[in-house]
Amino acid sequence: MLELNTGNAAPAGDLIKDGSEMTFMQDVIEASQDVPVIVDFWAPWCGPCKTLGPALEAAVTAAKGAVKMVKLDVDQNQGIAGQLQIQSIPTVYAFYQGKPVDAFQGALPPSEITAFVEKLVTLGGGEVDGGLGEALEAAEAMLEEGAAVDAAQTFAAVLGEEPSNALAYSGLIRANLALEEVDQAEAMVANVPDDIAATPEFETAKAQLDLLRQAQDAGPLADLQAALDADESNLQARYDLAIAMHGAGDAEGAVDHLLELFRRDREWNDGAAKTQLFTVFEALKPEDPIALNGRRRLSSMIFA
């Protein structure tokens, strides 16, 4: 992966865009007078395109403006595809100073994508560094925006470059969970490399998996809420409701019920409420307000 020593990064919208025959001259020919421009010829029905595209985007984003990328749907832009004699997709062309300078067909492994982009960076006068931060930031943004497939592909591309990267490894687990590929996430947790197993990033991903598995066995929310409404002293119902609420996406509600359970009986079920609270906190980002507030409230109860 790439990180370029060129100062301020260009906005993502300036680096990667959807192009058309109407904008090809401006987005590719004119833009390539300054920096190399990668043109990704793809189509929505093309399976390999769905793997190659995000990996290219991650490498371009990591280059911080030393390379740009334009995506062209061949179904919508048959004229340009015909002029460049595109026979199959994905096909990728690189332009510099208005002319094609490199190309390849088919989905490449991450190392070859990196080499392709590095070559263009050098051609454009940039300096290549081995950082992965920009690609990881892009993948995290994809995951937060709900683009779990793209995020998974980008995390996998980073792992192809650096297999011991804890952020990428845990990110791929979380992306698999978002895609409901729970068995795949479990396999990654079970086979985690030793140098990743003790990292906070992995603990976060593992906690999310643990909570998801618990939620699958918790029972319907409505039934659990009814049981608690019928008897507020039913600690098991409150505990099960908290687990189900977290599984339904209500982390704040889950924390509230677990804190109330802890207030009522901190020793119940060998301190299950406190243990579960720590699992929830680990599954959240350290700066998450739910985690920060929950930890403060728990501490005030413990040390009261």
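Side notes on the structure shown:
- Within the range 159-172, the set of residues being outside any loop (DSSP other than H, G, I, E, B) and either among the charged types (D, E, K, R) or at pLDDT below 85 (or both) comprises 160, 161.
- Of the numbered criteria (1) among the aliphatic types (A, V, I, L, M); (2) assigned to a strand (DSSP E or B); (3) closer than 30 Å to residue 179 by Cβ, the one residue 113 fails is (2).
- The combined condition, being touching a helix residue (DSSP H, G or I) at 6+ places or on another chain (Cβ under 8 Å) and among the aliphatic types (A, V, I, L, M), is fulfilled by residue 151.
- Every listed requirement among (1) closer than 17 Å to residue 124 by Cα; (2) modelled with pLDDT under 85 is met by residue 69 save one, (2).
- A count restricted to the range 183-197 and to residues that are part of a helix (DSSP H, G or I) and farther than 14 Å from residue 207 by Cα stands at 6.
- Residue 88 vs. criteria surrounded by fewer than 14 Cβ atoms within 10 Å (Cβ to Cβ), within 21 Å of the chain's Cα centre (by Cα) and not in a strand (DSSP E or B): no
- Selection of the range 60-72 for residues being under 23 Å from residue 20 (Cβ atoms) and assigned to a helix (DSSP H, G or I) yields 60, 61.
- Total residues in the range 123-152, condition at pLDDT 85 or above and surrounded by fewer than 15 Cβ atoms within 10 Å (Cβ to Cβ): 3
- For residue 283: the one exception among (1) out of contact with any His (no Cβ under 7 Å at 6 or more places or on another chain); (2) crowded, with 19+ Cβ neighbours inside 10 Å; (3) farther than 26 Å from residue 176 by Cβ: (3)
- Test result for residue 158, closer than 14 Å to residue 62 by Cα and either of a type in the set (A, V, I, L, M, F, W, C) or surrounded by fewer than 16 Cβ atoms within 10 Å (Cβ to Cβ) (or both): yes
- Test for residue 117: is it of a type in the set (A, V, I, L, M), under 14 Å from residue 39 (Cα atoms), surrounded by fewer than 22 Cβ atoms within 10 Å (Cβ to Cβ) and in contact (Cβ under 8 Å) with a residue 12 or more places away in the chain: no
- Selected residue (criterion: nearest to residue 119 (Cα to Cα)) from residues of the range 7-34 that are at pLDDT 90 or above and open to solvent by less than 30 Å² (accessible area, probe 1.4 Å): 32
- Residues that are of a type in the set (Phe, Trp, Tyr) and more than 24 Å from residue 228 (Cβ to Cβ), drawn from the range 260-304: 303
- Among the residues of the range 198-224, those identified as outside any helix (DSSP H, G or I) and small (Gly, Ala, Ser) are 198, 218, 219.
The values are calculated or read from the model by the stated rules, or taken from the named source; none is laboratory data. As the structure is a computational prediction, the values presented were derived from the model and not from experiment. Every residue, glycine as well, gets a Cβ built from its backbone with ideal geometry; the counts of neighbours run over all protein chains shown. Surface accessibility is based on the protein's heavy atoms, side chains included, excluding ligands, DNA and RNA. Shrake-Rupley method; radii C 1.70, N 1.55, O 1.52, S 1.80 Å.
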